[in-house]
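S.K.: My structure is below; once you've seen it, I'll send some questions.
The values are calculated or read from the model by the stated rules, or taken from the named source; none is laboratory data. Quantities reported herein were computed from a predicted structural model and do not represent experimental measurements. FYI the Cβ positions are ideal-geometry reconstructions off the backbone, even for glycines, and counts take in every protein chain you see. These accessible areas exclude ligands, DNA and RNA; they are computed on the full protein's heavy atoms, side chains included. Shrake-Rupley method; radii C 1.70, N 1.55, O 1.52, S 1.80 Å.
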Amino acid sequence: MNYYNEKRDFIRMRVETAVTFEYEGQTFDAVCIDLSSTGMQIETDAALSLKQGESLRVLIPSSHAELTSLQADTQIQHLEKLDNGRLSVGLAIISMQ
């Protein structure tokens, strides 16, 4: 049998949920593709000139009254232009509120 060996310290969960992020005082829409305790990957249509090392604040809203929304201060680790014109952004979570 072939077993997949995860190379990350923390497993990422696929979530595919709508999020917003703040960049230079403006708010943009995105989709969170996956999430772990130390990072996340988002995709956006926003035409921005993001750079590795820059900071973004990401808000994942909660649809349940018992659960608060997740707000994370993050740092861009990698960027990739996708074939569909979207931008994939890999983020390290610096802190969560």
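S.K.: Tell me which residues, restricted to the range 24-75, are out of contact with any Phe, Trp or Tyr (no Cβ under 8 Å at 6 or more places or on another chain), part of a strand (DSSP E or B) and of a type in the set (A, V, I, L, M, F, W, C).
M.R.: Correct list: Val31, Cys32, Ile33, Leu35, Met40, Ile60, Leu70, Ala72.
S.K.: Further, regarding this structure: Restricting attention to the range 24-46, which residues are closer than 11 Å to Ser88 by Cα and open to solvent by 30 Å² or more (accessible area, probe 1.4 Å)?
M.R.: Across the range 24-46, the qualifying residues are Val31, Gln41, Glu43, Asp45.
S.K.: Another question about this same structure. Considering only the range 9-32, state which residues are within 11 Å of the chain's Cα centre (by Cα) and closer than 14 Å to Leu79 by Cβ.
M.R.: Phe21, Ala30
S.K.: Next question. Out of all the residues in the range 79-97, which are exposed (fewer than 11 other Cβ atoms within 10 Å of the Cβ), touching a residue at least 12 places away in the same chain (Cβ under 8 Å) and not in a loop (DSSP other than H, G, I, E, B)?
M.R.: Filtering the range 79-97 for residues exposed (fewer than 11 other Cβ atoms within 10 Å of the Cβ) gives 81-85, 95, 97.
Subsequent filtering for residues that are touching a residue at least 12 places away in the same chain (Cβ under 8 Å) retains 82, 85, 95, 97.
If the condition is that a residue be exposed (fewer than 11 other Cβ atoms within 10 Å of the Cβ), touching a residue at least 12 places away in the same chain (Cβ under 8 Å) and not in a loop (DSSP other than H, G, I, E, B), then Ser95 is the only one that fits.
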